[in-house]
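Any read-out appearing in this document is the output of simple, stated calculations on the displayed coordinates, not a laboratory observation. Keep in mind the model is a prediction, meaning the values are calculated, not measured. Reconstructed Cβ throughout: ideal geometry from the backbone, glycine too, with neighbour counts over all protein chains shown.
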Amino acid sequence: MTPLTSPPAGLVPAERSDAPFEDGQGSAVPSPAVPSPAVPMLISGGTVIAPDAVYSPGWVDIRAGRIVGCGAGEPPREPDFSFPECTLAAGYVDIHTHGGGGSSFNDQDSAVAAAQIAATHRAHGTTTLMASLVTAPLDEFERTVAALAGLVEQGLLAGIHLEGPWLSPAHRGAHDENLLRTPDAESIDRIMRVGRGTVRMVTIAPELEGGLAAVRQIVGFGAVAAVGHTDANYDMTRQAIAAGATAGTHVFNAMRQIHHREPGPALALLEDPTVFAELIADGVHLHPAIVRFIIESPSRPVFVTDAMAAAGADEGDYKLGALDVSVSGGQARLADGTIAGSVLTLSEAVRYAVHTAGVPVEVAVRAATQNPADMIGLADRGRLAPGNRADLIVLGTGLQVTATLQAGLWCEA
């Protein structure tokens, strides 16, 4: 096959089944575009960002939707696709997203919303997406988690993240204060069991009554306990890490700030090399110097979008859970000015980190690929490595995503 500089026009992301699937509540909705294994292909690039090295040039060999080889130099045979002026990287992995394309994971018809959100972020290079839920009444949480669990089991989503309701009222951010509650074993057990193992992450304020026990309970279910929306001090945060917490939810945002006599949770999280530190690199949530500070800390940085429904959609008025959000000038805020998520994509986060915060390209890419995959235990994502699912993006001028491969199939632009 003659090498091509871009995927042929008109290629679609997958062979789609016309059969309906269940939304977890017994309702049939259109089948999502979950890729099926594709024909073998060899892709070469001017630069390839591998797990522990950068190849210039390099190549990736794909068969049956999996990576079977990745190396430096000229490819072992004539490539099927050649991108000599571009960078090849693993597909982006977003483990903290509330919505996009006008839809939210908290929407009543969560199956249809999830398909729209996944398509919106996939158009910007995100090939693995976890559904984040804002605080809601427990019975509503149960219904939504049950519906989304079916989509995780069918492969559209990588898991579910509960951001609430066990959060600090003092740092509630865009969460309804009336719905926040202290953690108790019964409510955690209810939600985790209805998720059937698909809840991969829970954000919790460990200083709440029963907080440390809740951390241990969450970890016992095989999920990541993340410290966030918290008024915990430094010592309490260290206790939470000792109890099993391995992540910080959007560090510095919605948590007690650093003081020279009371360092607070951010320093405790960032100084620990076992902790994954989420950060929102959009120029709104963090100063670029803080982005660099987190990236250079001993912790493992993880870019997240914290995107709400307006990501990839028009500005205007939206809902985030039960709260009204106004989106204008690229910022999502409540009526009182509180930041309410973002309109970010991981593609934009990587570009901001590199072009504005001065982060090396390969470091920024790994913070959007292998680190988030590692954080939630996705062993076959986030790396251009043999055995992994063939998720690959082509980065062109200015690190724009010019083509996306998901499970070995080119995605429609």
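Listing for the model above:
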{"item": "Cα point-scatterer Debye curve for the range 82-161, base-10 log of I(q)/I(0) at q = 0.14 Å⁻¹", "result": "-0.45"}
{"item": "Modelled FRET efficiency - R0 51 Å, GLU140 with ARG77, Cβ distances, 0.05 increments", "result": "0.40"}
{"item": "Karplus-derived 3J(HN,Hα), 6.51/-1.76/1.60, for each residue of the range 268-283, Hz, glycine and proline x", "result": "4, 6, 6, 7, 9, x, 8, 9, 9, 10, 5, 9, 9, 9, 10, x"}
{"item": "Under 12 Å, Cβ to Cβ, from ASP80 - net charge with Lys/Arg +1 and Asp/Glu -1", "result": "0"}
{"item": "Mean Cα-pair separation over length for the range 92-375, i.e. relative contact order, pairs under 8 Å, 6 or more apart, %", "result": "19 percent"}
{"item": "Cut-off under 5 Å, modelled amide H: who pairs with PHE83 long-range", "result": "SER44, GLY45, GLY46"}
{"item": "Residues whose placed amide H lies under 5 Å from that of VAL302, excluding near-sequence neighbours", "result": "ALA277, GLU278, LEU279"}
{"item": "Separation between Cα centres of the range 370-413 and the range 304-357, rounded to whole Å", "result": "23 Å"}
{"item": "Cα Rg over Rh - the range 329-407, Kirkwood", "result": "1.05"}
{"item": "The chain - share of DSSP beta bridges that are antiparallel (%, nearest 5)", "result": "55 percent"}
{"item": "Structure-based [θ]222 nm, the chain - -39500 (n - 2.57) summed over DSSP H runs of at least 4, per residue, nearest 500", "result": "-7000 deg cm²/dmol"}
{"item": "Length released on extending from ILE290 to ASP317, taking residue separation times 0.36 nm less the Cα-Cα span", "result": "6.8 nm"}
{"item": "Table column - 3J(HN,Hα) (Hz), the range 370-375, Karplus curve with 6.51, -1.76, 1.60, x for Gly and Pro", "result": "6, 5, x, 4, 5, 4"}
{"item": "Binned Cα-Cα distances of the range 74-113, short to long, each 10 Å bin given as a whole percent", "result": "20, 28, 17, 22, 12, 0"}
{"item": "Once the Cα gyration tensor of the range 172-246 is diagonalised, semi-axes √(5λ) in Å", "result": "18, 16, 11"}
{"item": "Euclidean distance of C-alpha centroids, the range 187-222 and the range 114-166, integer Å", "result": "17 Å"}
{"item": "Long-range HN-HN contacts of GLY164 with modeled amide H, under 5 Å", "result": "THR203"}
{"item": "Range of Cα positions in the chain per principal axis (Å), largest first", "result": "64, 51, 41"}
{"item": "Vicinal HN-Hα couplings computed from phi for the range 285-296 (Karplus, 6.51 cos²θ - 1.76 cosθ + 1.60; Hz; Gly/Pro x)", "result": "6, 9, 5, x, 5, 6, 4, 4, 4, 5, 4, 8"}
{"item": "Compactness index (Cα Rg / 2.2 N^0.38 Å), the range 217-330", "result": "1.16"}
{"item": "Average Cα contact separation per residue, the range 102-239, under 8 Å, 6 or more apart, as relative contact order %", "result": "21 percent"}
{"item": "Neighbour-count order for SER56, SER104, SER82, fewest beta carbons within 10 angstrom listed first", "result": "SER56, SER82, SER104"}
